[in-house]
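The values are calculated or read from the model by the stated rules, or taken from the named source; none is laboratory data. Computed from a predicted structure; not experimentally measured. We place every Cβ from the backbone using ideal geometry, glycine too, and count neighbours over all the protein chains shown. Quick note on the areas: whole protein, heavy atoms, side chains included, nothing else; ligands and nucleic acids left out. Shrake-Rupley method; radii C 1.70, N 1.55, O 1.52, S 1.80 Å.
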Amino acid sequence: MGGIRNKVRELRGACEMTQQQLADRIDLTRQTVIAIEGDKYSPSLETAFRIAGVFGVPLEQVFQYQDDSKKSRK
């Protein structure tokens with residue numbers, strides 16, 4: 001299964017930051033952070049950049065796109 005994958009939970013844990021603290025810093029609800037971490041919701045590009053900015057890492061270190069359709073064509 002392809003799609004957007006992320007490392008928000010891992011980065012947040014490394015910073016000892018709660019879901020609510022992250023939500024407050026990026027102006028979202030805790031429920032939205034939960035959905036992002038669970039790969040149930042893909043944030044807007046602006047929100048993705050804000051999340052990366054909170055952790056001080058490049059966007060690609062937080063979010064990755066996996067296109068499994070390319071694997072099945074080979």
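Descriptive notes on the structure:
- Loop-resident sites, region 4-57, for GluC sites (Glu not before Pro), counting at most 11 other Cβ within 10 Å (DSSP): E16
- Taking the Cα centre of the chain as reference, the dipole from Cβ charges on Lys and Arg (+1) and Asp and Glu (-1) amounts to some 360 debye.
- With the helix formula -39500 (n - 2.57) applied to DSSP H stretches of n ≥ 4, the chain reaches a computed 222 nm mean residue ellipticity of -15500 deg cm²/dmol.
- The Cα trace of the chain gives Rg and Dmax of 13.0, 44 Å, the first to one decimal, the second as a whole number.
- Trypsin sites (Lys or Arg not before Pro) within region 17-53, DSSP loop, no more than 14 other Cβ atoms inside 10 Å: K40
- Neighbourhood net charge (13 Å Cβ-Cβ; Lys/Arg +1, Asp/Glu -1) for S44: -1
- Accessible area of the chain divided out per residue, in Å², using a probe of 1.4 angstrom: 68
- Sulfur and carbon atoms: percent of accessible area, the chain [1.4 Å]: 51
- Surrounding net charge for Q61, when Lys and Arg each add one and Asp and Glu each subtract one, Cβ distance under 14 Å: +2
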